[in-house]
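The structure under discussion appears below in the form of structure tokens.
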Amino acid sequence: MLVPVSWLKDYVEFDLPTDELAERLTARGVMVEEIKRPKDKISGVVLGLIRSMEKHPNADRLRLCKVEVKDGEILDLITGAPNVKTGDKVPVALEGARLAGGLVIKKSKIRGVESSGMLCSAAELGLDGKDLPLDQREGVLTPETDLPLGADLVEKYLLNDDMLLLETFANRPDMLSIIGVARETASMLGKPLKLPGTTFPEDERPASDYIKVRIKDFDLCSRYMARIISGLKIGPSPEWMSSRLRLAGVRSINNIVDVTNYVMLEYGQPFHAFDYALLKGEAINIRPAKKGEEMITIDESKIPLAPEMLVIADEEGPVALAGVMGGLNSEVNNDTTKILLEIACFQPASIRRTSVNLGMRSESSRRFEKGLDYYGLPAAADRACSLFASMGGRIAKGAVDSAAEPPKTLTIDFRPERASAILGITTGKNQCINILSSLGMKVKEKTSKAGQEILSVDIPSFRPDIIREEDLVEEVARCIGYDKIPTTLPGGVTLIGTQGEEEEFREHIADLMSAAGVVEVITPSLHPEQVFETFDIPREGSMKVLNPLVEEQSYTRNSLLPGMMKALKSNMTPSWGCIKFFEISKIYLEAEPDSFPWEKDIMGIIMASSGNDVDFFTLKGRFELVFQELGMEVDFEPVQLPFFHPGISAEVLLGRKSLGCLGRVHPEVCQKVDINVPVFFGAVDLGHARRLARKKYYEPVPRFPVIERDLAFIIDEGVLCSNITKEIESSGGELLRSVKCFDQYRGKQIPDEKKSLAFRLVFSAPDRTLTDEEVGRSINNIVKNLSGKFDARLREG
Amino acid sequence: MEDQLNKLKEDTEQKIREIDDLDLLQELKVAVVGRKGELTLILRGLSSVPDEDRPRLGKMSNDIKQHLISLIDEKEARLKQETLSSRLMEERVDVTMPGQIPETGRIHPLRRTLRRMKEIFEGMGFSVKEGPEVETEYYNFEALNIPAQHASRDMWDSFYLGRDLLLRSHTSPVQVRVMEKEEPPLRVISIGKCFRRDAVDASHFWIFNQVEGFMVDEGVTFGDLKGVLLNFAREMFGKERRIKFIPSYFPFTEPSAEICVDCFVCKGKGCRSCGGSGWLEILGAGMINPAVYKWADGLREKPVYDPEKYTGFAFGIGVERIAMLANGIDDIRLFYENDSRFLKQF
């Protein structure tokens, strides 16, 4: 909300530099985001009138204008704006004028013709212009004003003021009104709040003669007041009013609409003015829309209505979308002389739902959403009526006031001691009374049975945010000033901070990966839909996002592969070399419809190289490192998965439990994302791994020498290394400490369909030096078993 | 014989002087003073010299032997020294050539920042608790005193997944989840990814990480909140930091505050980093609203969180914001673009 400081001064007297005002308001919870001071930046702009125009002799797009800027004083100006014509009033920047963005105007020749100033656009005058008609947004501003020619527009028309741009909180509807801000200012400065006068003469004939109001559901509309004003003549508003609206960022439209906007800004209460003559029938109804109804709003869009939307309807149908936007059929127009002025209190949730669903969030709906003051309606209505009366309007007697039972006003017991306990600063009773009273609350003192001081506080109806004692504590705290509360440290029981097993585990694995030369990435948790097809991953378990902003956010991810492939691809710059990435993140799986989805901690690794330094075993080694670190003896078994190379992919198994898989990404998948080098990817379920990990215990370091033996076996091509390894392990006896395959060979001396695998066996005993004989016995047993089970032949020499 | 000895002495002395090779020196030693060397040969003739000359010649040959051995040893030591020096000279390297930096991986800058934040809060007795990233509307909103259709929901524009599920838009739901299960005293931080439907720009991304912290115990005050956050700011950004509390609004805290730290780029004078104000917004906080206690007690037969007995505070810190400030990063998107040239800087 934009608050012109001069407007604020109507209601509370002060003489404070704007900087200080802003700082102090912010410190007490009226957050000033920015001070706008257009007049500091802009000068030398006067009102001119275009007397005549002709084409520039040397340029098609430019026109020469004779502009009167004072009695009879004519300037020659050149403009490129297409929207101005003879007879328009225009802002003229004279020689030496300063405009927004630091532009200084000089006399200059444009294509051979002298121009002694410039016609200004809204932006050049520091206005955002979003309320302006389309042609003026881009072109020259053509203000409708009664100011004399030559008037200093900066002083008189525009911006001779500082404006506070406020950030308003969702719980403070009163901060969307100048009076509300003035009340805070008055409380802060210890000054009285002066409210505007609202007296006006009324006709004898009562409003109820003109219209009846029927509210279908008081839950949706707790109060609806209608006032009838006649004798109006559409025209421009008085200058004081239109310039104030401009300051507050609202475009002046006509006198009727301007009054409703003016009082909305002033009181925070939105209004709607219907052309009385266009309403059909004797009553208006506030009711939910009927199925199939539709309405054209004043911005000329056709809205299909639904029963959850609240409408104002006459005999023939909807004339306004309650609290959101008026209908074109009853809009105030040039022939309007008599209006029905709506002052209402709609249910915030209903207005919010409708305006959010339709994408129509207006100044009105913003206020209704936050909850308006049932009791505040008459005052705002009177203020509007008094302004209409001052423009010659005749006000029908009284209002048609249809309302639910008045809501209970709240009285809260407030204990100054309680405030002290929460805040950690002693808050005196009198201090609390002063603060709360200055905010418009009625405070009575009483004492509890136990002798505790209690203040009984009547909460004003314009403060719907205050519903419990703690809310009053906040009022006291912010008015004292948060900076006055001493900084302390908590006492009480000393607790030991820990990060928990899961988090510690993730950190451990991240460190391990980093030490193993892998760089951590974080990829998005949502997927575009096309990844299921591109990567050939199943849709199962992936949940659709109902309201994505962009396609990339369509589904929750059920695999890290697509995101990590994208990260990889984006790093394949011309000189990319070798990339190794890991990620530890969650994937989401909706195990069964309607059950709470699972989240799994997954570690993914992806690798590729523009050289030859990465293969399946580079990747596998990283996973082996993890499982070795966790004391887990896992198996890697060949597996078929659609997104992996059918011959280069493995599942990680602990016993029969699958922990993940790894492999070379299928070349067709790579091709689809335009990668033409082998990519290796694997993912394991870290949560699972953590639960199965073995705690490490010290194993004695061998004190007697170990004996190493290298053995090579010729076996069938189809036999897996892991089969042989396991057989060696199980038949090697207790002296065999470890087995590792270190070479495979095909070719000379090896028959077709066979291969040779070489293993290093390490033997030792905890209590003695082994003899060759002992080791020989073990090896004989191994050879015998392998020969029997796999037809393996020891390769001699 | 005397002449023979003198000649051998002189010849050998001459040879020792000339030799510049250890092996040749060794050969010479063997040839002259070895068991079958020249000196031995000459001494064999000692039996044929007259008796009275024998002691003198014997002594003389012994002296010559000792003399030559010591000369040879001396020369040997010198030659060894020279050989070593020349070998060392040959092994000389250009120490200004670049070293081989081992290829290691990197921890993501957000994880690094999170670790620092965890350390700081763990040091103040806060423990990490976790909660799901896919949340129910109940925990994300209702139980935090944010009713459906309340205007404050605009503060957390969320991604909805149907039914009552959404991607959590803050880590505050963990507050209620923990309080449902555990009783005071509590000092908890919950960390992790959050999601908001924000349009992406240099300071907004639709994923971000949050550290939510809260404490509930007897006698916890707003002053304690100030103290804990001041400690955090100073540990994170430097011992001289000051912080400022500004009244704010969150449905789940009352009173609520926004916390700024004095800009450590310009030391509070006003610069581009702080938008000229001298202050940087770093987090939101407040005293836990008793309404939240009521939700947290919802399933209990006998309520535990009696607001008359226990008070508490909560705060929420954006990790990206802290990482950006701490490392001088000016665009939040860098954290999620995964450009290794960026990641390898940390």
#### Entry: Neighbouring partner chain Cβ atoms per residue of A:496-502, average, 10 Å criterion
6
### Query
Just the accessible area per residue of chain A, please: how many Å² with a 1.4 Å probe?
47 Å²
### Task
Calculate, axis by axis, the spread of Cα positions in chain A along the three principal axes, and write the results as whole Å, longest axis first.
125, 92, 56
### Query
For the range A:594-651, what value does the Rg/Rh ratio take when both radii are computed over Cα atoms and Rh is the Kirkwood radius, given to two decimals?
1.05
### Query
Averaged over B:148-161, how many beta carbons belonging to a partner chain fall within 10 Å of each residue's beta carbon?
6
#### Entry: For residues of A:365-374, the mean tally of beta carbons on other chains within 10 Å
2
### Task
Provide, for the range B:193-346, the number of lysine pairs with alpha carbons under 19 Å apart, each pair being eight or more places apart or on different chains.
8
### Query
If one computes P(r) from the Cα atoms of the range B:29-73, what percent of pairs lie at distances over 18 Å?
28 percent
### Task
Starting from the residue with the highest accessible area, list A:Lys408, B:Lys226, A:Lys338 in decreasing order, probe 1.4 Å.
A:Lys408, A:Lys338, B:Lys226
### Query
Roughly what % antiparallel, to the nearest 5, for the DSSP beta bridges in chain B?
95 percent
### Message
Please compute the volume of the convex hull spanned by the alpha-carbon atoms of the range A:4-78 and report it per residue in Å³.
### Response
167 Å³
### Query
Based on the Cβ-Cβ distance of B:Arg234 and B:Ser277, what FRET efficiency does E = 1/(1 + (r/R0)^6) give at R0 = 22 Å, to the nearest 0.05?
0.65
### Summary
Given a Förster distance of 30 Å, the FRET efficiency implied by the Cβ-Cβ spacing of A:Leu193 and A:Ser362, rounded to the nearest 0.05, works out to 0.60
### Message
As a test of the formula, what do you get for the protein assembly as shown when each DSSP H run with n ≥ 4 contributes -39,500 (n - 2.57) and the sum is divided by the residue count, at 222 nm and rounded to the nearest 500 deg cm²/dmol?
### Response
-9000 deg cm²/dmol
### Message
Averaged across orientations, what area in nm² does the convex hull of the alpha carbons in the range A:507-555 project?
### Response
5.0 nm²
### Query
Put +1 on the Cβ of each Lys and Arg and -1 on the Cβ of each Asp and Glu in the protein assembly as shown; which of A:Gly776, B:Ser47, A:Val443 then has its Cα farthest toward the positive end of the dipole?
A:Val443
### Task
List the equivalent ellipsoid semi-axes of the range A:364-508 in whole Å, largest first, each obtained as the square root of 5λ for an eigenvalue λ of the Cα gyration tensor.
44, 25, 15
#### Entry: Mean projection area, nm², convex hull over Cα of the range B:35-128
16.6 nm²
### Task
Report the charge-dipole magnitude of the protein assembly as shown in Debye, nearest 20, computed about the Cα centre from +1 at each Lys and Arg Cβ and -1 at each Asp and Glu Cβ.
780 debye
### Query
Hey, if we sort A:His527, A:His508 by accessible area with the 1.4 Å probe, largest down, what's the order?
A:His508, A:His527
## Note on the structure
Cα extents of the range B:257-346 along the principal axes, largest first, in whole Å, come to 56, 35, 16
### Summary
With every protein chain kept in place and a 1.4 Å probe, the residues B:Trp156, A:Trp240 fall, from largest accessible area down, as A:Trp240, B:Trp156
## Note on the structure
Rg from C-alpha atoms of the range A:284-436, normalised by the globular rule of thumb 2.2 N^0.38 Å, equals 1.41
### Task
Calculate what fraction, in whole %, of the accessible area of the protein assembly as shown sits on carbon and sulfur atoms when a 1.4 Å probe is rolled over the protein chains.
49 percent
### Message
If you average the C-alpha positions of the range A:78-92 and of the range B:236-262 separately, how far apart do those two centres end up, in angstrom?
### Response
51 Å
### Message
Just to confirm my understanding: which cysteines in chain B have no other cysteine beta carbon less than 4.7 Å from their beta carbon?
### Response
B:Cys194, B:Cys260
### Message
Quick check on the protein assembly as shown: of the DSSP beta bridges with both residues there, what percent are antiparallel, nearest 5%?
### Response
95 percent
### Message
Please compute the contact order of chain B in relative form: average sequence separation of alpha-carbon pairs under 8 Å and at least six residues apart, divided by the residue count, as a percent.
### Response
15 percent
### Task
Output the peptides A:383-395, A:736-748 sorted from most to least packed, where packing is the average of other Cβ atoms within 10 Å over each peptide's residues.
A:383-395, A:736-748
## Note on the structure
Of the candidates A:Ser559, A:Ala421, A:Ala384, the farthest towards the positive dipole end of the protein assembly as shown (Lys/Arg Cβ +1, Asp/Glu Cβ -1, centred on the Cα centre) is A:Ala384
### Calculated over chain B: convex hull of Cα atoms, volume per residue (Å³)
297 Å³
### Message
On the Cα set of the range A:1-148, report Rg and Dmax in Å, please.
### Response
18.7, 61
### Task
With just the Cα atoms of the range A:433-537, tell me how far they stretch along each of the three principal axes, in Å, largest first.
71, 43, 29
### Query
Between Rg and the Kirkwood Rh of the range A:651-762, both from Cα atoms, what is the Rg to Rh ratio?
1.07
### Message
Just to compare against my own numbers: the Cα pair-distance distribution for the range A:525-657, 10 Å bins, whole % per bin, please.
### Response
10, 34, 37, 16, 2
### Query
For the range B:193-346, what ratio Rg/Rh do Cα atoms give with a Kirkwood hydrodynamic radius?
1.03
### Summary
In degrees, nearest 10, the alpha-carbon axis of helix B:222-237 is tilted away from the dominant principal axis of the alpha carbons of chain B by 30 degrees
### Task
List the lysines whose Cα lies under 20 Å from the Cα of A:Lys106, skipping any in the same chain that are fewer than 8 positions away.
A:Lys39, A:Lys41, A:Lys66, A:Lys70
### Task
Starting from the Cα of A:Glu729, move 7 Å in the Cα-to-Cβ direction to define the label point; list residues of the range A:615-657 whose amide nitrogen is under 13 Å from there.
A:628, A:631-637, A:653-656
### Query
Under a no-solvent Debye model with one identical scatterer per Cα of the range B:129-283, what's log10 I(q)/I(0) at q = 0.09 Å⁻¹?
-0.34
### Summary
Kirkwood Rh for the range B:111-202 from C-alpha pairs, in Å, is 14.5 Å
### Query
Once you treat every alpha carbon in the range A:582-687 as an equal point and sum by Debye, what is log10 I(q)/I(0) at q = 0.18, 0.19 Å⁻¹?
-0.94, -1.02
### Message
From the Cα trace of the range A:395-445, what convex hull volume per residue do you get, rounded to a whole Å³?
### Response
143 Å³
## Note on the structure
Kirkwood Rh for the range A:256-316 from C-alpha pairs, in Å, is 13.4 Å
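The values are calculated or read from the model by the stated rules, or taken from the named source; none is laboratory data. As the structure is a computational prediction, the values presented were derived from the model and not from experiment. Glycine gets a Cβ as well: all are built from the backbone with ideal geometry, and neighbour counts include every protein chain shown. Side chains are part of the model used for accessible areas, which takes the heavy atoms of the whole protein and leaves out ligands, DNA and RNA. Shrake-Rupley method; radii C 1.70, N 1.55, O 1.52, S 1.80 Å.
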